Amino acid sequence: MAGGSSQPGRSVTSKILAILAAFETTRRSLSLTEISVAADLPLSTTHRLVGELVESGMLSRSANGGIQLGLRLWAIAQNTGRQLRDTARPYVQDLFSLTGETSQLAIRDGNMSLYIDRVYGTKRIARASRVGGRLPLHATAVGKVILAFSEPWVADAYLGLPLQQMTAHTRGNPKQLREELERVRENGYATTNEEVRLGTSSIAVPVFHTGRLGCSIGLVIPTSHAANMDRFLPVLHGTSQRLEAATVHIPLETLLGIISGPDMNVPEEDLSEEG
């Protein structure tokens, strides 16, 4: 077995990536044993590679002796989506100023909505997930927009995956979801009603880039105030058009992802707010 791995032929790079991925679903520090199990690596291999990652600053040791993500990795990660985030930030902020509602910008990351930026409103709703958090495309307004306005093969591939039922309101039937996506394309926007968390709803519109979908921008609203969410459509569409003009210089490929596979498990930390 190569390098003592439980999987013959496994490269050092894949082992390091597996170690880092162990932190994707938690915010707390982990023990070497926990990392070893999560990465499917022998404890001795985990000890050696984690030691090297700590020395490089990619990981660090917490006060209680656990292992956590390091500041160097955080600093590198800040460059992910930075061009889009920095360009879009004034428009996301302006959307919040004009509506008073939590405003957010998302792109597709495989089969997830990846939140590039978010400005939090003051209304009492379930605590928002962090920038950099991910939620399933089919359960979020920004995600439904992405599915509806991406190339047809994206929705076709996604609808072949298991659709995680996050609440009783989540659209888990592929046929019904396909019909909803057709309505989203016709209407030019998507909505959700308590499909990720009870008490929150959302509305979103596409942001185009040289004639193709680039990203999606939307609002999160307390369900108690969501009966006439469509009142926000003029400001959403106006913001989308301004964003389209502002981001035209950003290469489209930096805004697009690829369907990554059938895994629909979502970290609990990311399920804090409707999308």
Whichever residue in segment 49-67 is out of contact with any Gly (no Cβ under 9 Å at 6 or more places or on another chain) and part of a helix (DSSP H, G or I) and, among such residues, is nearest to Arg10 (Cα to Cα): Leu49
Candidate set: segment 240-275, residues that are at pLDDT 65 or above, in contact with a helix residue (DSSP H, G or I) (Cβ under 7 Å, 6 or more places away or on another chain) and not in a helix (DSSP H, G or I); chosen: the one farthest from Ala21 (Cα to Cα): Thr247
Of the criteria (1) at pLDDT below 90; (2) outside the structural domain of Ile217 (by the TED database); (3) surrounded by 14 or more Cβ atoms within 10 Å (Cβ to Cβ), which one Ile116 fails: (2)
Filtered residues of segment 62-106 (kept if buried (at least 16 other Cβ atoms within 10 Å of the Cβ), within 16 Å of the chain's Cα centre (by Cα), of a type in the set (A, V, I, L, M, F, W, C) and at pLDDT below 90): Leu84
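Just the residues that are among the charged types (D, E, K, R) and within 26 Å of Gly133 (Cβ to Cβ), please, taken from segment 16-69.
Let us first name the residues in segment 16-69 that are among the charged types (D, E, K, R), namely 24, 27-28, 34, 40, 48, 52, 55, 61.
Glu24, Arg27, Arg28, Glu34, Asp40, Arg61 - these are the residues of segment 16-69 that are among the charged types (D, E, K, R) and within 26 Å of Gly133 (Cβ to Cβ).
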Filtered residue count, segment 157-189, keeping only those that are open to solvent by less than 80 Å² (accessible area, probe 1.4 Å) and either closer than 15 Å to Arg108 by Cα or aliphatic (A, V, I, L, M) (or both): 9
Hits in segment 197-239 - residues which are open to solvent by 10 Å² or more (accessible area, probe 1.4 Å) and part of a helix (DSSP H, G or I): Thr223, Ser224, His225, Met229, Asp230, Arg231, Phe232, Leu233, Pro234, Val235, His237, Gly238
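The values are calculated or read from the model by the stated rules, or taken from the named source; none is laboratory data. Remember, predicted model here, so these are calculated numbers, not experimental data. Positions of Cβ are generated from backbone atoms using ideal geometry, with glycine treated the same way; all protein chains shown enter the neighbour counts. Ligands, DNA and RNA are excluded from the accessible area calculation, which covers all protein heavy atoms including side chains. Shrake-Rupley method; radii C 1.70, N 1.55, O 1.52, S 1.80 Å.
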